[in-house]
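Visitor: One structure, as structure tokens, below. Some questions next.
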Amino acid sequence: MSLISTILGRLVKAVITLLAIAVLNFFLIHAAPGDPAAVLAGEAGAADPLFIEQLRARFGLDQPFHIQLWTYVKNVMMLDLGYSFRQGAPVIELIADRLPATLLLTLSAFVISLSLGIALGVAAAARVGRVSDSLLTTLALLFYATPLYWAALMAVLVFSVQLGWLPGFGYETVGSGYSGLARAWDILQHLILPAMTLGLFFMAVYMRMTRASMLEVSQMDFVKTARAKGLSGPVIRRRHILRNALLPVVTLAGLQAGQLIGGAVLTETVFAWPGIGRLMFESLGARDYNTILGVFLVSAAMVILFNILTDIVYRIVDPRIGAKT
Amino acid sequence: MTFWKRFSSNRGAVIGLILLIAVILIALLAPVIYPGGPWKMVQRPFLVPFTTDGFPLGTDTLGRDVTAGLVHGARVSLLVGLVSTLMALLIGVPLGALAGFYGGYVDEGAMRFTEFFQTIPNFALAIVLVAILQPTLGSITLAIAIVSWPPVARLVRAEVMSLKRREFVEAAHLAGLSNMRILVSEVLPNAVSPIIVMASLMVATAILLESSLSFLGLGDPNIMSWGYMIGAARTVIRSAWWLSFFPGVAILITVLALNLIGEGLNDAFNPHLRKGRT
Amino acid sequence: MSNAILSIHDLTIDLPRGADRPHAVEDVSFDLNTGEILCVVGESGSGKSMTANALMGLLPDGVTVGKGRAMFDGADVLTLSEVKKQAMRGARIGMIFQEPMTALNPLMRIGEQIAEVFEAHKLHTRAERRARALALVKEVGLPDPEKIVRAYPFQLSGGQRQRAMIAMALALEPEILIADEPTTALDVTTQAQILRLILALRDDRGMAVMFITHDFGVVAEIADRVIVMRHGLIVEAGMAQQVLESPQHDYTRALLDAIPTGKVPELAAVHAPPALEIRNLNKIYRTGGGLFRTGREVRAVNDVTLTIAKGEVVGLVGESGSGKSTLGRAVVRLVTPDSGQVLVGGVDLAALDTAELRKQRHRVQMVFQDPYASLNPRHRVLRSLSDGPIAKGVPKAQANARARELLDIVGLGADAATRFPHEFSGGQRQRIGIARALAMDPELIIADEAVSALDVSIQAQVLELLAELRRKMGLSILFITHDLRVAAQVCDRIAVMQHGRLVEVGAVRDVFHSPKETYTRELLAAVPGAKWAVDTAVTKQGAPA
């Protein structure tokens, strides 16, 4: 299969998945206790029966069930994710507003965790059985067991409150009037702690995976062939072991994208990072279901997009995929 | 070497087991140690740890004993972790087994379904489920189970697919045994070890998920949990660090113990795959 | 010897603590001479591969050289520094391995992997390396060299990959080539080609070859000298002809005797009603296919018709991919054929529905290839043997008694019933597999490569058991094998399969001595040591029994 037809196939699947999530959302609204109209209105409209009645008409909630479903899904597909009465704005606008911050955070965390994880995994595998390896694996084990939000809180406590090295709150210094490079620098400083804490867990995951995979691949026959050729250790590690060992790591990284988004809800909550995760948290308290479900849908869309990207990367790295069947 | 010998030769696994037994004991004995429960205000608020006898870990914003909270919180963590994992196994094992064993359209359908659930960001789905169903112990457990089963299904499917091509399974077909009997008595028993390993790691993940939900305020309001304690203390982190610190350590220890046990089980089940340890 | 290029003295290789013996090889001494092919022969665990790995400095973790020297060009290769070893590997001693699939890096093009040898030794420019890789690909006889250098390993066949491996090993014209079972994973015709290639390259380049194998047929084909190893010791050494014709050591003799020879049994033609009738059987595999493309079709079984008489053993031979396994599986309905009939005792197994099939399953039973996968590791042997009969309706006590009786018959003793499979060796497990098949009282047994995974000496024992059971019980057997020598030993008739079709069916004697089809002739010619086997067969037959 060519790359283009693969991407096309994946896109078709992505649209189907999104449709399915929209349907799921619809059923969730109806599963919530109480009147769906009240659910859609959130707390804000709960008091006003007339308002609820208007909503009912507007969302076709007086219509038969399948028509309601159709209306809902059609709206979602046209990017109408409903209206947040709590925030007084269409959900899609709220999300669009917050999305860049989340993208910045999650992508930074992803890059940090993947590059550090692979580097440390390679280092540990190269020193297998020695003290430095045990140290690294123990650290990874610890990070792997640490609740993300707690790590975030402790990072704030240590690096922001105690040491005062980095800001522990927000996206940029409010009212600083920075622009251009100065602003970028300011944002970067704010980014470090959230991105590091979000990346920490995943770094541990990738490190363990890389280490195990490196050790496994280094037992394979073709590594022996490479040694029989007279290649040096570093070349064998880089060209033969690492390249093959990275395949499962890439697969895992693709699968983990969803968890990164989930982690963003926690990290953004702790650091008051103005992304869609924080938006979700705020909406939880306000029972703003429209926004919650909207964020859910958009984050799923992000994950799907990301999975397509990893698929493409995988095909580039591994010549066997796509040619085999 | 016996299984137990292999397991106990792994130092980490033994430490994990001891830690877990300690946490289980604490959870079981909570009503005995702190019969008054975790909600009672017993001292003045913001009591600093290690300063007052009887309140070694201090008190929280409302003067509740942090130690009592930790001890009672262990119950929720373990309960939710265990029950949600069992539920996830109940969904994932049959689904994966049928998909792997029968292949074809059954497999196609089951795997599309699994893939769908795996694509959805699982923590976000858990949040949505708990928010919509209202936070109770039941809805939290259910939500965690719903987001945790897909890896089980995939694992079991892969195991069954590889096992069903083994010659002993083909021999069972030739012996005239029924498909169900072959699946249940020939195939699945040979897939038990990886399932057990995964389950022990899933309990750990479930505990993290539960605590994360509670942290966001999506915990059962009637039950004290570690995540709730941290969430409630989040805003006072600058003045009362211990309120978030100790519950976090409790989660860390429990999750770490389970992960160590999982790794130990994995090594003990696959003695030939042990690498990098001496 | 004066022209020894490599002299090994008292080599001892230590195994890690906890292994089943302290040394992989012990006090091994031998010379390798310029321009000769030295075959190191032994069964699994004899230490032959370890010796080769020690020379290359490629011993697995935990395995170390205990003592000894291996003198090559005035230096001991066992004690060279890692840097010097690196300089030596590939440049002065080349090596090829058993599994050409896994021995190549799946992510690198063939050309890159060959050119890498020059890079490792800092020779030539990039363009020159590429040109030389291309020249090497041509030299080892790979078709369409321009395409091959750009191909990835998965795009090549097994034989092509082994040629690519040889190209790599020979890139720097090493004085010594170590070949570790390089043809074991290949089909006979491919094996014959690779052996010819190695012979030709040796003649052209005058290099010394240390050729490790378990197969005396291969020895007869290419060896100048032979070393026979057992349990880490050299038990016999000598010129190839001498060892083959008059082996001195009992073990060598046992190994040679164990080899199924070209000896053709004279068996009376069987005029009994058929145990199995296959009529116009077809099975097509469709691979790939999907949303955007159509799949490929492989006719695994193409209009096959074959009859096996009661009490007859028919050998089904062919190379991998010939469809012989699919045919066997279609007969037992592990594979459902697309069309055609499989008549056993008047029942067409191919036409039965699932429920009806389950009741008729007992008519045909199978003995499988892999003794380690063919028994459920979690069930005691008794259960593996009695589950089937009990499901068939035999009372439990009777089924259990019969199971014990059968275990006794196959030479394991009734006590074996209460043990688990892991307590048995490969050969013993194969006996259990035979007992399991017999427990169902089948009208026909399919033996699918039933002895292929065993060492020759064990192989001989299992074949003997089959022959004995057949005499006693009058079994009808469809014996599927890639090994013509084995087929010749146990079968009455031979069916040769190629590309899903039966190309020739006939009495063993006719097929072996006067094959009608070109393919059969090719196949027979490719059998390693074919000529030698026929010669020995003559001498053996001539000798008084």
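Visitor: Distance from the Cα centre of the range A:135-190 to that of the range C:168-234, in angstrom?
Guide: Result: 63 Å between the Cα centres.
Visitor: Just order B:65-72, B:52-59 by mean Cβ neighbour count inside 10 Å, highest at the front, would you?
Guide: Averaged packing, sorted descending, gives the order B:65-72, B:52-59.
Visitor: Taking only C-alpha pairs under 8 Å that are 6+ residues apart, what is the relative contact order of chain C in percent? Spell out each step's value before the answer.
Guide: Details: 1070 pairs, mean separation 82.8, N = 545.
Relative contact order comes out at 15 percent.
Visitor: I would also like to ask the following. If I fit a long axis through the Cα atoms of helix C:456-473 and take the longest principal axis of the Cα atoms of chain C, what angle between them do I get, 0 to 90°, rounded to 10?
Guide: That helix lies at roughly 10 degrees to the long axis.
Visitor: Another one. Applying a 10 Å radius around every beta-carbon, put C:446-452, C:161-167 in order of their mean neighbour count, most first.
Guide: Listed from highest to lowest mean packing, they are C:161-167, C:446-452.
Visitor: Ok, one more. Please compare each pair in C:310/C:472; C:359/C:472; C:122/C:147; C:85/C:122; A:224/C:85 to a cut-off of 24 Å on the Cα-Cα distance and tell me which ones are over it.
Guide: Working: C:310/C:472 13 Å; C:359/C:472 27 Å; C:122/C:147 26 Å; C:85/C:122 15 Å; A:224/C:85 14 Å.
Over 24 Å apart, Cα to Cα: C:359/C:472; C:122/C:147.
Visitor: Right, next: Ignore the peptide's own chain and count Cβ atoms of other chains within 10 Å of each Cβ in A:209-220; give me the average, rounded.
Guide: Details: counts 0, 0, 2, 3, 0, 1, 2, 2, 1, 2, 3, 4.
Per residue, the number of nearby Cβ atoms from other chains is 2 on average.
Visitor: So for each of B:108-117, B:210-219, B:168-177 I average, over its residues, the number of other beta carbons within 10 Å; can you give me the resulting order with the highest mean first?
Guide: On the way: B:108-117: 16.3, B:210-219: 27.5, B:168-177: 23.6.
Those peptides, ordered most packed to least, come out B:210-219, B:168-177, B:108-117.
Visitor: List the DSSP H helices in chain A whose Cα atoms stretch 20 Å or more along the helix axis and whose mean Kyte-Doolittle hydropathy is at least 0.5. Before the final figure, lay out each step's value.
Guide: Details: long enough: A:3-31 (41 Å, 1.96); A:91-126 (50 Å, 1.79); A:131-145 (21 Å, 1.45); A:180-217 (47 Å, 0.90); A:243-271 (38 Å, 1.04); A:289-317 (42 Å, 1.71).
Taking the DSSP H segments of chain A (at least 20 Å long, mean hydropathy at least 0.5), we get A:3-31, A:91-126, A:131-145, A:180-217, A:243-271, A:289-317.
Visitor: Just subtract the alpha-carbon distance of residue C:339 and residue C:241 from 0.36 nm times their residue separation and send over the number in nm, one decimal.
Guide: Details: separation 98, 0.36 × 98 = 35.28 nm, distance 5.15 nm.
Roughly 30.1 nm would be gained on extension.
Visitor: State, to one decimal in nm, how far the label point of residue C:205 lies from the label point of residue A:174, with both points 7 Å from Cα in the Cβ direction.
Guide: 7.6 nm
Visitor: For peptide C:350-360, compute the average count of partner chain beta-carbon atoms within 10 Å of each residue's beta-carbon.
Guide: If you average over the peptide's residues, the count of other-chain Cβ atoms is 1.
Visitor: Here is a further query. Once whole DSSP H runs in chain B are found, which of them have Cα atoms spread over 30 Å or more along the helix axis and a mean Kyte-Doolittle score of at least 0.0?
Guide: Numbers: long enough: B:11-33 (32 Å, 2.73); B:66-102 (53 Å, 1.66); B:137-164 (39 Å, 1.09); B:192-215 (34 Å, 1.81); B:241-269 (42 Å, 1.32).
Long hydrophobic helices here: B:11-33, B:66-102, B:137-164, B:192-215, B:241-269.
Visitor: Using only atoms on other chains, find how many Cβ atoms lie within 10 Å of each Cβ of peptide B:127-137 and report the average.
Guide: Details: counts 10, 11, 3, 1, 11, 13, 4, 2, 1, 0, 0.
Across the residues of B:127-137, the mean count of other-chain Cβ atoms within 10 Å is 5.
Visitor: Let me ask something additional. In the protein assembly as shown, with Lys and Arg counted as +1 and Asp and Glu as -1 at Cβ, which of these residues, C:28, A:267, B:237, has the Cα nearest the positive end of the dipole, that is, farthest along it?
Guide: Comparing the listed Cα positions along the dipole, B:237 ranks first.
Visitor: At 0.692 mPa s and 37 °C, plugging the Kirkwood radius over alpha-carbon pairs of the range A:241-325 into Stokes-Einstein gives what diffusion coefficient in µm²/s? Kindly include the intermediate steps, with their values, before the conclusion.
Guide: Values: Rh = 14.7 Å.
For the chosen part, D equals 224 µm²/s.
Visitor: With angles folded into 0 to 90 degrees, how steeply does helix C:188-205 sit against the dominant principal axis of chain C? Use alpha carbons for both and round to 10.
Guide: Approximately 10 degrees, to the nearest ten.
Visitor: Sticking with this structure for a sec: Tell me the label-point distance for the pair residue C:248, residue A:182, using the 7 Å Cα-to-Cβ offset, in nm and rounded to one decimal.
Guide: Result for the modelled spin labels: 9.5 nm.
Visitor: At 0.890 mPa s and 25 °C, plugging the Kirkwood radius over alpha-carbon pairs of the range A:97-286 into Stokes-Einstein gives what diffusion coefficient in µm²/s?
Guide: After rounding, the answer is 136 µm²/s.
Visitor: Another question about this same structure. Expressed as an acute angle from 0 to 90° and rounded to the nearest 10, what is the orientation of the C-alpha long axis of helix C:426-439 relative to the principal long axis of chain C?
Guide: Around 10 degrees separate the two axes.
Visitor: Report the Cα centroid-to-centroid distance between the range A:1-35 and the range B:33-48 in angstrom, as an integer.
Guide: 48 Å
Visitor: Further, regarding this structure: For chain C, what is the mean residue ellipticity at 222 nm derived from helices alone (per DSSP H run of n ≥ 4: -39500 (n - 2.57); sum divided by total residues; nearest 500 deg cm²/dmol)? Walk me through the numbers on the way to the answer.
Guide: Details: 20 runs with 208 residues, N = 545.
Result for chain C: -11500 deg cm²/dmol, rounded to the nearest 500.
Visitor: Ok, one more. Name the residue from A:32, C:133, C:377 whose Cα lies farthest towards the positive end of the charge dipole of the protein assembly as shown, charges +1 on Cβ of Lys and Arg and -1 on Cβ of Asp and Glu.
Guide: Farthest towards the positive pole: A:32.
Read the figures in this text as sums done on the coordinates, not as results from a lab. Note that the structure is predicted; figures quoted are calculated from it, not measured. Cβ atoms come from the backbone with ideal geometry, glycine included; neighbour counts cover every protein chain shown.
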